[in-house]
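Structure record follows, encoded as structure tokens.
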């Protein structure tokens, strides 16, 4: 019977049944089997109202969508070029840094490739980079920034861990700090590789110009305070994270609608609708997963899983290695949000027992998932790039594969050198 | 059905979709406004709206459910969907019909027990915040799942009648 149920759920998943219904089926079947009244399911769904932090998700998602609709990407690229223009291979660095910052704010939605790619792809080719390299760089850069505040997956991970009632609790501030060095590692690995690659052919270097810098600064003067509002507000203790999200959302409405006038007031409902559709799907999965996690805990499955792992794996290194493999496979079949919500309640307690810091685990988790965006055959960013630049998916595979492998090396370093993630947290 | 009856349902359908949109957009704007007002009151006037925090936590559920309703308009829910591309057009249609029926039935089950929960909370007569009773804040669960279930149910029926039903935006019934 159990076998039959599992197989039918897998078949339904294979043929595109919405993920939330599959998660709900597990709880429905599980709770019925334990003869628990199924009213427990709506009670569990209602539980997402216990988490104040969650409000940050819809608000930051909206902000990201609104910035995606306006010319923020344009200003960001112009300002980064004005600042970094004197560096050799400056455009590569601009691509990497601008993409990372844009992704941190717009979330893991593929917006970066579409918005920044349109500007940077022609610019890179014009500067003399090959089409293959330019495509690869833009597609790869699109996933950087997931580890930087205020990225949605990072917030979601903290929400889940805080729900778990662990002895070792973590704060959103810690998670925000932890991603900085790992992101820099990835950016500079890709940068130095690009410099080495273009070492034998001279690439035009832009003249540094005070005038251009000044005018780029003036153009983006209204968006510049954004990181300071978000990070300054949170780390000074002035705002909670969800409050920072509210202030940011209001600020960006004022800036884009009333100052830059790039999005009209009449367009705002459509932006709200689009962003809420995306976050609604995620919140629904989160709520359903809370119910399932509770069933699993009732049925003592995490404990069984835990004991099974401990009887088969005895060292932290082996555990981390298997974790890497598992997460890479997971990243290829599940989107990042669902993966965090469904899998992290199971692996966080196990990881802690192997001495992995929960914040470090979050960074490992997200870094692996980030690679999933670029992993053939189904990495989402590969398809977005293929669609956006009108190239065959195989062209995209070929152009990204080396950079993906470089990022894989970075992910391994991030996994086995905890200090990289914990540097700002544990003195 | 006569022509005018069909017309009536078309108009009703469109109106309901519009109401849904207006509700979602206004809820979002109210949440944003209350959150900002609360921050301003606290930081500059040392005041606060007593029920604001509870209200905001509950509206996250409402925003999430309403967003999920939008995602069900065109079957945009997150799924893995690895297998559909290997099917022929005809079998695709039947497989999708079955999957949609499955989705609809799960939604109806949750909606049913959601009604149960609303009834229980109604009898308990607890207050969520201000003078809003808890049962009212829970009601979005049965309502949301019922509408989602109906959407997937009708999508399944439409697929039996018309192979391209899924590609047509839900606003147009032609």
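The values are calculated or read from the model by the stated rules, or taken from the named source; none is laboratory data. In this text the structure is predicted, and so the values were computed from the model without any measurement. As a convention, Cβ positions derive from the backbone with ideal geometry for all residues, glycine included, and neighbour counts pool all protein chains shown.
For the reader, a short list of remarks on this structure follows.
- Screening A:38, A:45, A:24 for residues that are without any contact (Cβ under 8 Å) to a residue 40 or more places away in the chain, out of contact with any strand residue (DSSP E or B) (no Cβ under 9 Å at 6 or more places or on another chain) and within 7 Å of chain B (Cβ to nearest Cβ) leaves exactly one candidate, A:38.
- Subset tally (residues that are outside any helix (DSSP H, G or I) and surrounded by 21 or more Cβ atoms within 10 Å (Cβ to Cβ)) for the range A:119-140: 1
- In the range A:227-265, the residue that is farthest from the other protein chains (Cβ to nearest Cβ) out of those that are surrounded by fewer than 18 Cβ atoms within 10 Å (Cβ to Cβ), modelled with pLDDT of 85 or more and not in a loop (DSSP other than H, G, I, E, B) is A:259.
- The condition of being in contact with a helix residue (DSSP H, G or I) (Cβ under 6 Å, 6 or more places away or on another chain) and over 25 Å from residue A:281 (Cβ atoms) holds for only one of A:406, A:366, that being A:406.
- Failed criterion for residue B:77 (all others in (1) closer than 25 Å to residue A:56 by Cα; (2) touching a strand residue (DSSP E or B) at 6+ places or on another chain (Cβ under 9 Å); (3) at the interface with chain A (Cβ under 8 Å from one of its Cβ atoms); (4) assigned to a helix (DSSP H, G or I) hold): (4)
- Evaluation of residue B:33 against (1) more than 16 Å from residue B:151 (Cβ to Cβ); (2) surrounded by 13 or more Cβ atoms within 10 Å (Cβ to Cβ); (3) within 9 Å of another protein chain (Cβ to nearest Cβ) (one fails), failing number: (2)
- Enumeration of residues in the range A:84-118 that are over 21 Å from residue A:380 (Cβ atoms) and surrounded by fewer than 24 Cβ atoms within 10 Å (Cβ to Cβ): A:84, A:85, A:86, A:87, A:88, A:89, A:90, A:93, A:97
- Restricting A:351, A:332, A:339 to residues that are at pLDDT below 85, in contact with a helix residue (DSSP H, G or I) (Cβ under 7 Å, 6 or more places away or on another chain) and in a helix (DSSP H, G or I) narrows the list to A:332.
- Test: residue in the range A:74-96 that is part of a helix (DSSP H, G or I), away from chain B (no Cβ under 14 Å) and modelled with pLDDT of 90 or more: yes
- Condition broken by residue A:54, with the remaining ones in (1) touching a helix residue (DSSP H, G or I) at 6+ places or on another chain (Cβ under 7 Å); (2) free of Cβ contacts under 8 Å to residues at least 24 places away in the same chain satisfied: (2)
- The single residue among A:5, A:11, A:41, A:48 that is part of a helix (DSSP H, G or I) and under 13 Å from residue B:106 (Cβ atoms) turns out to be A:41.
- Scanning the range B:108-119 for residues that are facing chain A (nearest Cβ under 7 Å) and over 13 Å from residue A:38 (Cα atoms) yields no hits at all.
- Listed conditions (1) more than 9 Å from every other protein chain (Cβ to nearest Cβ); (2) in contact (Cβ under 8 Å) with a residue 60 or more places away in the chain; (3) within 30 Å of residue A:164 (Cα to Cα) are all met by residue A:62, apart from (1).
- Taking the listed residues B:101, B:153, B:108, the one that is modelled with pLDDT of 95 or more and under 20 Å from the mean Cα position of the chain (by Cα) is B:108, with no other qualifying.
- Scanning the range A:4-14 for residues that are in contact with a helix residue (DSSP H, G or I) (Cβ under 7 Å, 6 or more places away or on another chain) and either surrounded by fewer than 20 Cβ atoms within 10 Å (Cβ to Cβ) or more than 7 Å from chain B (Cβ to nearest Cβ) (or both) gives A:5, A:9.
- Residue among A:268, A:290 that alone is out of contact with any strand residue (DSSP E or B) (no Cβ under 9 Å at 6 or more places or on another chain), closer than 20 Å to residue A:49 by Cβ and surrounded by 18 or more Cβ atoms within 10 Å (Cβ to Cβ): A:290
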